[in-house]
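> The structure follows.
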Amino acid sequence: MATPRHFLTISDFSSEELNYIIERAIQLKAMHRKGEIYEPLKNRVLGMIFEKSSTRTRVSFESAMLQFGGGAIFLSPRDTQLGRGEPVEDTAKVLSQMVDCVMIRTFSQEMIETFAENATVPVINALSDMYHPCQILADIQTYVERRGSIEGKKIAWIGDGNNMCHSYITAAKLFGFKLHVACPPDYCPNEALVVAAGDSIEVCHDPAQAATDADIVTTDVWASMGQEEEQKKRAQAFEPYQVNSLLMSLAKSDAMFMHCLPAHREEEVSASVIDGEQSVVWEQAGNRLHSQKALLEFLLVGKQ
Ligand code: CP
Ligand code: NVA
(Lines give C-alpha, C1' and ligand atoms only; values in the text may rest on other atoms or scores of the structure.)
(Ligands and ions follow the chains in the order given, each with its own letter.)
Protein backbone atom coordinates (compact mmCIF):
# COMPACT_ATOMS: atom_id res chain seq x y z
CA MET A 1 0.00 0.00 0.00
CA ALA A 2 1.34 3.45 -0.90
CA THR A 3 2.36 5.63 2.05
CA PRO A 4 -0.48 8.08 2.69
CA ARG A 5 0.00 11.86 2.66
CA HIS A 6 -0.31 13.51 6.06
CA PHE A 7 -0.91 17.12 7.13
CA LEU A 8 1.10 17.46 10.34
CA THR A 9 2.47 20.91 9.57
CA ILE A 10 2.00 23.46 6.77
CA SER A 11 5.30 22.45 5.13
CA ASP A 12 4.02 18.91 4.48
CA PHE A 13 2.44 20.49 1.39
CA SER A 14 4.09 22.42 -1.43
CA SER A 15 3.26 26.01 -2.20
CA GLU A 16 1.30 24.86 -5.24
CA GLU A 17 -0.71 22.33 -3.20
CA LEU A 18 -1.49 24.89 -0.50
CA ASN A 19 -2.71 27.41 -3.04
CA TYR A 20 -4.82 24.70 -4.69
CA ILE A 21 -6.47 23.93 -1.32
CA ILE A 22 -7.28 27.62 -0.75
CA GLU A 23 -8.86 27.98 -4.21
CA ARG A 24 -10.75 24.71 -3.75
CA ALA A 25 -12.01 25.86 -0.33
CA ILE A 26 -13.43 28.99 -1.96
CA GLN A 27 -15.16 26.84 -4.62
CA LEU A 28 -16.54 24.37 -2.08
CA LYS A 29 -17.91 27.27 -0.02
CA ALA A 30 -19.74 28.66 -3.06
CA MET A 31 -21.16 25.20 -3.85
CA HIS A 32 -22.32 24.82 -0.25
CA ARG A 33 -23.95 28.28 -0.31
CA LYS A 34 -25.88 27.28 -3.44
CA GLY A 35 -27.18 24.21 -1.63
CA GLU A 36 -25.39 21.85 -4.02
CA ILE A 37 -25.15 18.29 -2.72
CA TYR A 38 -21.57 17.06 -3.16
CA GLU A 39 -20.63 13.76 -1.54
CA PRO A 40 -17.10 12.75 -2.54
CA LEU A 41 -16.56 10.94 0.80
CA LYS A 42 -19.65 8.74 0.81
CA ASN A 43 -19.20 5.88 3.30
CA ARG A 44 -15.82 7.28 4.41
CA VAL A 45 -15.10 7.80 8.09
CA LEU A 46 -12.90 10.27 9.95
CA GLY A 47 -11.62 9.33 13.41
CA MET A 48 -11.20 12.42 15.62
CA ILE A 49 -8.88 12.11 18.63
CA PHE A 50 -9.26 15.05 21.01
CA GLU A 51 -6.97 15.27 24.03
CA LYS A 52 -7.76 19.00 24.39
CA SER A 53 -11.03 20.95 24.21
CA SER A 54 -12.49 22.26 20.96
CA THR A 55 -15.55 23.95 19.54
CA ARG A 56 -14.61 25.02 16.00
CA THR A 57 -12.30 22.18 15.06
CA ARG A 58 -14.61 19.42 16.19
CA VAL A 59 -17.77 20.86 14.68
CA SER A 60 -16.11 21.86 11.38
CA PHE A 61 -14.51 18.45 10.81
CA GLU A 62 -17.64 16.58 11.82
CA SER A 63 -19.90 18.75 9.64
CA ALA A 64 -17.44 18.50 6.74
CA MET A 65 -17.62 14.70 6.83
CA LEU A 66 -21.41 14.66 7.14
CA GLN A 67 -21.88 17.14 4.28
CA PHE A 68 -19.48 15.08 2.16
CA GLY A 69 -21.63 11.98 2.64
CA GLY A 70 -19.42 10.31 5.23
CA GLY A 71 -19.22 10.27 8.99
CA ALA A 72 -16.94 11.10 11.91
CA ILE A 73 -16.25 9.47 15.25
CA PHE A 74 -15.29 11.59 18.26
CA LEU A 75 -12.66 9.83 20.38
CA SER A 76 -11.76 11.23 23.77
CA PRO A 77 -8.92 9.77 25.87
CA ARG A 78 -11.43 9.47 28.72
CA ASP A 79 -13.34 6.79 26.84
CA THR A 80 -10.66 5.09 24.74
CA GLN A 81 -7.81 2.76 25.68
CA LEU A 82 -5.40 5.51 24.56
CA GLY A 83 -6.28 7.24 27.84
CA ARG A 84 -5.41 4.05 29.74
CA GLY A 85 -1.95 3.77 28.22
CA GLU A 86 -2.44 1.72 25.05
CA PRO A 87 0.55 2.72 22.89
CA VAL A 88 0.02 5.36 20.19
CA GLU A 89 1.68 2.99 17.68
CA ASP A 90 -0.86 0.23 18.41
CA THR A 91 -3.79 2.63 18.29
CA ALA A 92 -2.63 3.95 14.90
CA LYS A 93 -2.41 0.43 13.45
CA VAL A 94 -5.86 -0.51 14.75
CA LEU A 95 -7.69 2.67 13.74
CA SER A 96 -6.14 2.51 10.25
CA GLN A 97 -8.13 -0.69 9.63
CA MET A 98 -11.42 0.96 10.57
CA VAL A 99 -11.40 4.59 9.47
CA ASP A 100 -10.21 6.38 6.33
CA CYS A 101 -8.51 9.35 7.96
CA VAL A 102 -7.54 10.39 11.49
CA MET A 103 -7.52 13.90 12.94
CA ILE A 104 -5.60 14.48 16.18
CA ARG A 105 -5.62 17.35 18.69
CA THR A 106 -3.11 16.75 21.45
CA PHE A 107 -0.21 18.21 23.39
CA SER A 108 2.95 16.85 21.78
CA GLN A 109 3.76 17.07 18.09
CA GLU A 110 5.82 13.86 18.54
CA MET A 111 2.66 11.95 19.46
CA ILE A 112 1.03 13.01 16.17
CA GLU A 113 4.20 12.13 14.24
CA THR A 114 4.42 8.70 15.90
CA PHE A 115 0.76 8.09 15.09
CA ALA A 116 1.33 9.08 11.45
CA GLU A 117 4.42 6.84 11.12
CA ASN A 118 2.31 3.88 12.20
CA ALA A 119 -0.89 4.76 10.32
CA THR A 120 -1.79 3.56 6.85
CA VAL A 121 -4.39 6.33 6.41
CA PRO A 122 -3.85 10.11 6.23
CA VAL A 123 -3.34 11.89 9.57
CA ILE A 124 -4.23 15.55 10.17
CA ASN A 125 -2.80 17.73 12.94
CA ALA A 126 -5.80 19.50 14.48
CA LEU A 127 -3.55 21.40 16.94
CA SER A 128 -0.54 20.45 19.01
CA ASP A 129 1.59 22.54 21.35
CA MET A 130 3.82 23.17 18.32
CA TYR A 131 1.46 23.85 15.40
CA HIS A 132 -2.11 24.57 14.29
CA PRO A 133 -1.92 24.19 10.49
CA CYS A 134 -5.68 23.80 9.85
CA GLN A 135 -6.33 27.28 11.23
CA ILE A 136 -3.83 28.79 8.79
CA LEU A 137 -5.77 27.36 5.83
CA ALA A 138 -8.93 29.12 7.03
CA ASP A 139 -7.06 32.37 7.70
CA ILE A 140 -5.48 32.47 4.26
CA GLN A 141 -8.81 31.58 2.64
CA THR A 142 -10.42 34.49 4.47
CA TYR A 143 -7.85 36.95 3.12
CA VAL A 144 -7.71 35.55 -0.43
CA GLU A 145 -11.48 35.41 -0.79
CA ARG A 146 -11.82 39.10 0.04
CA ARG A 147 -8.65 40.59 -1.38
CA GLY A 148 -6.94 38.18 -3.80
CA SER A 149 -3.37 36.89 -3.53
CA ILE A 150 -1.61 37.12 -0.18
CA GLU A 151 1.80 37.14 -1.83
CA GLY A 152 3.93 40.09 -0.73
CA LYS A 153 1.45 41.16 1.96
CA LYS A 154 2.48 42.08 5.49
CA ILE A 155 1.06 40.07 8.38
CA ALA A 156 1.64 41.25 11.96
CA TRP A 157 1.57 38.56 14.63
CA ILE A 158 1.20 40.24 18.03
CA GLY A 159 1.73 38.24 21.24
CA ASP A 160 2.81 34.74 22.11
CA GLY A 161 5.32 32.80 19.99
CA ASN A 162 2.96 29.81 20.27
CA ASN A 163 1.52 27.04 18.07
CA MET A 164 -0.44 29.50 15.90
CA CYS A 165 2.60 31.74 15.53
CA HIS A 166 4.71 28.71 14.52
CA SER A 167 2.25 27.77 11.81
CA TYR A 168 2.27 31.36 10.50
CA ILE A 169 6.08 31.24 10.45
CA THR A 170 6.02 27.98 8.46
CA ALA A 171 3.39 29.39 6.10
CA ALA A 172 5.19 32.66 5.32
CA LYS A 173 7.70 31.32 2.79
CA LEU A 174 5.22 28.91 1.18
CA PHE A 175 2.52 31.55 0.65
CA GLY A 176 5.03 34.33 0.00
CA PHE A 177 3.90 36.80 2.67
CA LYS A 178 6.10 38.72 5.09
CA LEU A 179 5.47 37.94 8.75
CA HIS A 180 6.34 40.46 11.46
CA VAL A 181 6.20 38.90 14.93
CA ALA A 182 6.09 41.15 18.01
CA CYS A 183 6.42 39.11 21.21
CA PRO A 184 7.68 39.63 24.76
CA PRO A 185 11.37 38.65 24.99
CA ASP A 186 10.61 35.57 27.12
CA TYR A 187 7.89 34.30 24.76
CA CYS A 188 9.66 34.16 21.41
CA PRO A 189 8.81 31.54 18.79
CA ASN A 190 10.92 28.42 18.20
CA GLU A 191 14.41 29.55 17.09
CA ALA A 192 14.91 26.79 14.51
CA LEU A 193 11.65 27.70 12.76
CA VAL A 194 12.60 31.37 12.72
CA VAL A 195 15.99 30.55 11.18
CA ALA A 196 14.41 28.24 8.58
CA ALA A 197 11.94 30.97 7.58
CA GLY A 198 14.86 33.25 6.60
CA ASP A 199 13.90 36.71 5.41
CA SER A 200 10.20 35.88 5.17
CA ILE A 201 9.91 36.71 8.85
CA GLU A 202 11.09 39.34 11.32
CA VAL A 203 10.88 39.05 15.10
CA CYS A 204 10.80 42.15 17.32
CA HIS A 205 9.43 43.19 20.71
CA ASP A 206 7.56 46.28 19.56
CA PRO A 207 3.90 45.77 18.59
CA ALA A 208 3.77 49.19 16.91
CA GLN A 209 6.69 48.33 14.65
CA ALA A 210 5.10 45.02 13.64
CA ALA A 211 1.63 46.50 13.06
CA THR A 212 2.72 49.50 10.99
CA ASP A 213 1.35 49.22 7.43
CA ALA A 214 0.22 45.63 8.00
CA ASP A 215 -2.44 44.07 5.77
CA ILE A 216 -3.48 41.67 8.55
CA VAL A 217 -3.07 42.08 12.30
CA THR A 218 -3.54 38.86 14.20
CA THR A 219 -3.15 37.62 17.75
CA ASP A 220 -4.07 34.73 20.04
CA VAL A 221 -4.66 34.04 23.72
CA TRP A 222 -1.81 34.80 26.11
CA ALA A 223 -2.04 31.38 27.78
CA SER A 224 -2.77 28.43 25.50
CA MET A 225 -4.43 25.18 26.48
CA GLY A 226 -2.16 23.45 28.98
CA GLN A 227 -0.66 26.75 30.24
CA GLU A 228 -3.59 27.79 32.44
CA GLU A 229 -1.47 27.97 35.61
CA GLU A 230 0.85 30.52 33.94
CA GLN A 231 -2.08 32.85 33.17
CA LYS A 232 -1.24 35.49 35.83
CA LYS A 233 2.46 35.70 35.02
CA ARG A 234 1.72 35.82 31.32
CA ALA A 235 -0.91 38.55 31.71
CA GLN A 236 1.80 40.84 33.10
CA ALA A 237 4.34 40.08 30.39
CA PHE A 238 1.79 40.46 27.59
CA GLU A 239 0.04 43.62 28.78
CA PRO A 240 1.82 45.90 26.26
CA TYR A 241 0.86 43.49 23.48
CA GLN A 242 -2.89 44.05 23.40
CA VAL A 243 -4.35 44.60 19.94
CA ASN A 244 -6.52 47.70 20.43
CA SER A 245 -7.80 50.54 18.27
CA LEU A 246 -4.58 52.50 18.70
CA LEU A 247 -2.48 49.59 17.40
CA MET A 248 -4.92 48.92 14.55
CA SER A 249 -4.67 52.59 13.50
CA LEU A 250 -1.01 51.97 12.57
CA ALA A 251 -1.91 49.20 10.13
CA LYS A 252 -3.18 49.84 6.58
CA SER A 253 -6.58 51.55 6.63
CA ASP A 254 -8.20 48.43 5.15
CA ALA A 255 -6.26 45.99 7.37
CA MET A 256 -8.11 42.95 8.66
CA PHE A 257 -8.06 41.83 12.27
CA MET A 258 -7.87 38.06 12.70
CA HIS A 259 -8.01 35.77 15.73
CA CYS A 260 -8.28 31.98 15.67
CA LEU A 261 -10.66 32.10 18.68
CA PRO A 262 -11.58 31.54 21.44
CA ALA A 263 -10.70 35.13 22.42
CA HIS A 264 -10.41 36.95 25.73
CA ARG A 265 -11.76 40.46 25.30
CA GLU A 266 -9.67 43.18 26.97
CA GLU A 267 -6.72 40.81 27.28
CA GLU A 268 -5.03 40.07 23.93
CA VAL A 269 -7.66 42.10 22.03
CA SER A 270 -9.94 44.98 22.95
CA ALA A 271 -13.68 44.56 22.41
CA SER A 272 -13.53 47.61 20.11
CA VAL A 273 -11.27 45.69 17.71
CA ILE A 274 -12.69 42.16 17.81
CA ASP A 275 -16.25 43.48 17.57
CA GLY A 276 -15.28 46.31 15.25
CA GLU A 277 -15.47 46.81 11.49
CA GLN A 278 -12.03 45.50 10.64
CA SER A 279 -12.57 42.19 12.40
CA VAL A 280 -13.13 39.12 10.21
CA VAL A 281 -13.09 36.57 13.03
CA TRP A 282 -16.54 35.06 12.38
CA GLU A 283 -15.84 34.57 8.71
CA GLN A 284 -12.46 33.07 9.64
CA ALA A 285 -14.14 30.60 12.00
CA GLY A 286 -16.75 29.72 9.37
CA ASN A 287 -14.04 29.08 6.81
CA ARG A 288 -12.67 26.25 8.95
CA LEU A 289 -15.50 24.17 7.48
CA HIS A 290 -14.67 24.92 3.86
CA SER A 291 -10.87 24.79 4.07
CA GLN A 292 -11.00 21.47 5.92
CA LYS A 293 -13.39 20.09 3.33
CA ALA A 294 -10.79 21.00 0.72
CA LEU A 295 -8.09 19.36 2.87
CA LEU A 296 -10.09 16.14 3.38
CA GLU A 297 -10.96 15.92 -0.30
CA PHE A 298 -7.32 16.47 -1.29
CA LEU A 299 -6.04 13.81 1.11
CA LEU A 300 -8.72 11.19 0.41
CA VAL A 301 -9.69 11.73 -3.22
CA GLY A 302 -6.98 13.97 -4.70
CA LYS A 303 -7.19 17.11 -6.82
CA GLN A 304 -10.46 17.77 -8.63
N1 CP B 1 -9.54 27.95 16.58
C2 CP B 1 -9.78 26.71 17.05
O3 CP B 1 -9.07 25.73 16.74
O4 CP B 1 -10.87 26.63 17.87
P5 CP B 1 -11.32 25.40 18.78
O6 CP B 1 -10.32 25.25 19.89
O7 CP B 1 -12.69 25.76 19.26
O8 CP B 1 -11.32 24.15 17.93
N1 NVA C 1 -2.94 28.88 21.04
C2 NVA C 1 -4.26 28.40 21.35
C3 NVA C 1 -5.06 28.15 20.10
C4 NVA C 1 -6.46 27.65 20.35
C5 NVA C 1 -7.19 27.37 19.06
C6 NVA C 1 -4.15 27.14 22.19
O7 NVA C 1 -3.33 26.29 21.87
O8 NVA C 1 -4.89 27.01 23.18
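The values are calculated or read from the model by the stated rules, or taken from the named source; none is laboratory data. What you see is a predicted model, and the numbers here were worked out from it, not measured in a lab. Backbone-built Cβ (ideal geometry, glycine too); neighbour counts: all protein chains shown.
> Being over 22 Å from the mean Cα position of the chain (by Cα) and among the charged types (D, E, K, R) is the requirement here; does residue 62 meet it?
no
> Applying the selection to the stretch 160-192, what residues are within 16 Å of ligand 1 (Cβ to nearest atom) and more than 24 Å from residue 105 (Cβ to Cβ)? Talk me through it step by step, then tell me what you get.
First pass over the stretch 160-192, keeping only residues within 16 Å of ligand 1 (Cβ to nearest atom): 160, 162-168, 171.
Across the stretch 160-192, there are no qualifying residues.
> Working carefully through the options 270, 245, 224, find the one that is over 24 Å from residue 134 (Cβ atoms), surrounded by 15 or more Cβ atoms within 10 Å (Cβ to Cβ) and modelled with pLDDT of 95 or more.
Every option except 270 fails the conditions.
> Quick check on my filter: what residues within the stretch 200-238 are farther than 16 Å from residue 273 by Cα and of a type in the set (D, E, K, R)?
Across the stretch 200-238, the qualifying residues are 202, 206, 213, 228, 229, 230, 232, 233, 234.
> Can you find even one residue in the stretch 234-241 that is within 16 Å of ligand 1 (Cβ to nearest atom), at pLDDT 95 or above, surrounded by fewer than 20 Cβ atoms within 10 Å (Cβ to Cβ) and not in a loop (DSSP other than H, G, I, E, B)?
There is no residue in the stretch 234-241 that is within 16 Å of ligand 1 (Cβ to nearest atom), at pLDDT 95 or above, surrounded by fewer than 20 Cβ atoms within 10 Å (Cβ to Cβ) and not in a loop (DSSP other than H, G, I, E, B).
> Then there is this: Within the stretch 224-252, track down each residue that is free of Cβ contacts under 8 Å to residues at least 12 places away in the same chain and under 24 Å from residue 109 (Cα atoms).
Listed by number, the residues that qualify are 227, 228, 229, 230, 231.
> Also, quick follow-up: Search the stretch 171-198 for residues being part of a strand (DSSP E or B) and out of contact with any Lys or Arg (no Cβ under 9 Å at 6 or more places or on another chain), and hand back the single one that is surrounded by the most Cβ atoms within 10 Å (Cβ to Cβ).
Checking each candidate, the answer is 181.
> Restricting the search to the stretch 244-285, which residues are in a helix (DSSP H, G or I), within 16 Å of ligand 2 (Cβ to nearest atom) and out of contact with any helix residue (DSSP H, G or I) (no Cβ under 8 Å at 6 or more places or on another chain)?
Result: 282, single match.
> Pick from 223, 235, 197, 192: which is within 19 Å of the chain's Cα centre (by Cα) and farther than 24 Å from residue 280 by Cα?
197
Condition check ((1) of a type in the set (D, E, K, R); (2) within 16 Å of ligand 2 (Cβ to nearest atom); (3) modelled with pLDDT of 95 or more) across all residues:
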| residue | (1), (2), (3) |
| --- | --- |
| 59 | no, yes, yes |
| 66 | no, no, yes |
| 74 | no, no, yes |
| 86 | yes, no, yes |
| 92 | no, no, yes |
| 96 | no, no, yes |
| 107 | no, yes, yes |
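Here is a yes/no grid of residues against (1) under 17 Å from residue 3 (Cβ atoms); (2) under 15 Å from the mean Cα position of the chain (by Cα):
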{"site": "98", "(1), (2)": "no, no"}
{"site": "104", "(1), (2)": "no, yes"}
{"site": "109", "(1), (2)": "no, yes"}
{"site": "115", "(1), (2)": "yes, no"}
{"site": "122", "(1), (2)": "yes, no"}
{"site": "130", "(1), (2)": "no, yes"}
{"site": "135", "(1), (2)": "no, yes"}
{"site": "138", "(1), (2)": "no, yes"}
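> Of the conditions (1) in contact with a helix residue (DSSP H, G or I) (Cβ under 6 Å, 6 or more places away or on another chain); (2) within 16 Å of ligand 2 (Cβ to nearest atom), residue 25 fails just one. Which one is it?
Every listed condition holds for residue 25 apart from (2).
> Here are 35, 47: which of them is more than 17 Å from the chain's Cα centre (by Cα), on the phi > 0 side of the Ramachandran plot and modelled with pLDDT of 95 or more?
35
> Mind counting the residues in the stretch 1-44 that are buried (at least 20 other Cβ atoms within 10 Å of the Cβ) and hydroxyl-bearing (Ser, Thr, Tyr)?
1
> Another question about this same structure. So which residues in the stretch 46-57 are more than 15 Å from ligand 2 (Cβ to nearest atom) and either among the β-branched types (Val, Ile, Thr) or part of a helix (DSSP H, G or I) (or both)?
The answer is 49, and nothing else.
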